[in-house]
Amino acid sequence: MNSEDLFQRSKLVVPGGVHSPVRSFSSVGGTPIFFKEANGAYLTSVEGKHYIDYCLSFGPLLFGHRHPEIQEVVEDTVRKAWSFGACEPYSLELAEFITERIPWVEKIRFVNSGTEAVMSALRVARAATGRNKILKFDGCYHGHLDQLLVKSGSGLAGLSSSDSKGIGPEIIQNTLVLPLDDESKLEELFQREGSNIACLAIEPLPANYGLLPQRIEFLKKCRELTTKYGVLLLFDEVISGFRVSFQGMAGITGIEPDLVCYGKIIGGGFPVGAYAGKREYMDLVAPSGPVYQAGTLSANPIGMRAGLKTLTKAWTENPYPNLEKATKQLTDGILNLLSQSGDSNWEAVNFGSLFWLKGKTEKAIRTISEIPNTHKSNFATLFHKLLKQGVYLAPSGYEVGFLSSAHTKEIIDLTLEKTKQALQG
Ligand SMILES: *Cc1c(COP(=O)(O)O)cnc(C)c1O
């Protein structure tokens, strides 16, 4: 059994051979590796080769693969039940744990993915305001729900065009799109459309199209204008929640959203998402209110208990300062080795345990239009050199890298040794 054969077989029965597009390596070329096992900072391919993993399932694994304490909870749960479709105490414990520690989360509803969380939060926002329009930003990803799978149109600021076939103009006619990092365009749009907008949705740390940390002034302007015009501010913290700090970007910036979405870390590696926020909005959700939302497998006990264990560890152990340090060691080391090998055209954008390797630019970039157009192919070359030596990055130059607490000093040093070999080879 090897990856090449499995991929060929897979393409016969699965679109593109994968269940989520980036996995196909289409952005970096070559054949995707099929993995059979994972442990700590490591992935093991079906060929039996080990890889140090900096993709980490795209973010959920804050403590690495199969952390023993989380595995124990999962095994204990499986011995008790794996789905009830009824009330149980596990989701209550997770809901209480979060609401007690994040003030703007007064009530929370668990769903099965980040996409589902955002979709449901928008429904709440439209119900709460009686308005239909949604504002999002070019380069922010909010899952694959129809309404937000859009980019800026080339014409008037604010107009949008779909990113996907199968989404007709009538579906996105209420979606407005602006570039990030531009307060004046934001002001202009709110003056024109503010009273028609239900919700401003933003990744407060845009991390799905490279890593584009925003100026605090821009995020504050989002809060100021939404408050002024009675628009709900939705922070999509699916990737940043419990990752950059326990309270996510809202905690770091001190900007309180009206609604917030979580995913990834909240389920400890199991399929869990959540939407949450102020009581007055969340009480609109059925059965306490008129906004319908339901789920057969919602609040699945395995995800609930893996999530609670993960969040409990994050809260009590505060891994964030060490993660940040390790991430800087890693990217400093890689950049050093690159420049020693004669390639000094790289730099790293880091935020906590998130990192993004990119081509050097004159100034920090905050919008997708500033990403150098050589980035994709330069990244692909670096990706394959590292892959050959057993270092696995997310297979796209527009995805960010992640560290976990399993990435110890020894693992970072080993990664740098492998990087050195990769750049010589
Ligand atoms: C991953 C992600 C989503 C989508 O979550 P899924 O669980 O893949 O549906 C939405 N928003 C952000 C910011 C994300 O990073």
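In this structure the amide hydrogen of Leu232, modeled in the peptide plane, comes within under 5 Å of the amide hydrogens of Cys199, Leu200, none closer than 5 places in sequence on its chain.
Pairs of alpha-carbon atoms within less than 8 angstrom and 6+ residues apart define the contacts here; what relative contact order does segment 68-317 have, in percent? All intermediate terms of the calculation are to be shown ahead of the outcome.
Values: 496 pairs, mean separation 70.9, N = 250.
Answer for segment 68-317 is 28 percent.
Normalised by the number of residues in segment 177-283, the average gap of Cα pairs under 8 Å and 6 or more apart makes the relative contact order 21 percent. Taking every protein chain into account, the accessible area of segment 68-317 amounts to 40 square angstrom per residue (probe 1.4 Å). Legend: distances between Cα atoms for Lys11/Lys388; Lys36/Lys136; Lys80/Lys264; pairs beyond 26 Å are Lys36/Lys136.
Ignoring ligands, DNA and RNA, what percent of the 1.4 Å accessible area of segment 76-197 is carbon and sulfur? Intermediate values should be presented prior to the final figure.
Details: 2900 of 5830 Å².
Ligands and nucleic acids excluded, carbon and sulfur give 50 percent.
The eigenvalues of the Cα gyration tensor, multiplied by 5 and square-rooted, give segment 68-317 an equivalent ellipsoid with semi-axes of 31, 19, 17 Å from largest to smallest.
When the alpha carbon gyration tensor of segment 58-117 is reduced to an equivalent ellipsoid, its three semi-axes come out at 21, 17, 13 angstrom, largest first. Each principal axis of the Cα cloud of segment 7-165 was evaluated for its coordinate range; sorted largest first, these ranges are 53, 45, 27 Å.
Calculation over all alpha carbon pairs of the chain in 10 angstrom steps from 0 returns a P(r) of 4, 21, 31, 27, 14, 2, 0 percent. Here's how it looks for Asp138: its modeled amide H is under 5 Å from those of Leu178, Leu180, which are all 5 or more places away or on a different chain. Search the structure for amide H atoms under 5 Å from the amide H of Ala38, placed 1.01 Å from N in the peptide plane, and list their residues when 5 or more places away or on another chain. HN-HN under 5 Å from Ala38: Thr44. Packing here is the average count of other Cβ atoms within 10 Å per residue, and on that basis the peptides 187-193, 230-236, highest first, run 230-236, 187-193. Between segment 48-94 and segment 351-389, how far is it from one alpha carbon centroid to the other, in angstrom? Comparing the Cα centres of segment 48-94 and segment 351-389, I get a distance of 31 Å.
Shape summary: segment 383-425 maps onto an equivalent ellipsoid whose semi-axes, from the alpha-carbon gyration tensor, are 17, 16, 6 Å in decreasing order.
The values are calculated or read from the model by the stated rules, or taken from the named source; none is laboratory data. This structure is a prediction, so every number in the text was calculated from the model and none was measured. For neighbour counting, all protein chains shown are included, and Cβ atoms are generated from backbone atoms with ideal geometry for every residue, glycine included. Ligands, DNA and RNA are stripped out before the accessible areas are found, and what is left, the full protein with its side chains, is counted by its heavy atoms. Shrake-Rupley method; radii C 1.70, N 1.55, O 1.52, S 1.80 Å.
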